[in-house]
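Structure, as structure tokens:
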Amino acid sequence: MKKATVAWIFWGGACVCVFSSVLFFMGIIPLSVCAAVLVPAFPVTVLALFFWWMAGQSGGDIPFIGY
């Protein structure tokens, strides 16, 4: 994956997390719906951030970040 692709995944996940939290705090969606969105979206966002951080500018493979 390229660094730009991982950046798009990160920003998409971050927007989903923030948007669902704002909707919850405004009282539009219940806590269960907010949690159902945040539980899968947050880890994807964090992993995409780590992959973006580790990706080089050369466009090659993303190095292994460990367990």
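Count of the stretch 13-59 residues, restricted to those that are touching a residue at least 24 places away in the same chain (Cβ under 8 Å) and in a helix (DSSP H, G or I), is 12.
Modelled with pLDDT of 95 or more, of a type outside the set (D, E, K, R) and surrounded by fewer than 15 Cβ atoms within 10 Å (Cβ to Cβ): does that describe C34? Lay out the reasoning, then the answer.
On the way: modelled with pLDDT of 95 or more: yes; of a type outside the set (D, E, K, R): yes; surrounded by fewer than 15 Cβ atoms within 10 Å (Cβ to Cβ): no.
Taking the combined requirement at face value, the residue does not satisfy it.
The single condition among (1) open to solvent by 60 Å² or more (accessible area, probe 1.4 Å); (2) at pLDDT below 95 that F24 does not satisfy is (2).
Does I29 satisfy the condition of being modelled with pLDDT under 80 and surrounded by 13 or more Cβ atoms within 10 Å (Cβ to Cβ)? Before the answer, list the steps.
Numbers: modelled with pLDDT under 80: no; surrounded by 13 or more Cβ atoms within 10 Å (Cβ to Cβ): yes.
No.
The values are calculated or read from the model by the stated rules, or taken from the named source; none is laboratory data. All figures in this text were calculated on a predicted structure; none of them were measured in a lab. Here the Cβ is made from the backbone with ideal geometry for all residues, glycine too, and neighbour counts use every protein chain on show. SASA here: full protein model, heavy atoms, side chains in, ligands and nucleic acids out. Shrake-Rupley method; radii C 1.70, N 1.55, O 1.52, S 1.80 Å.
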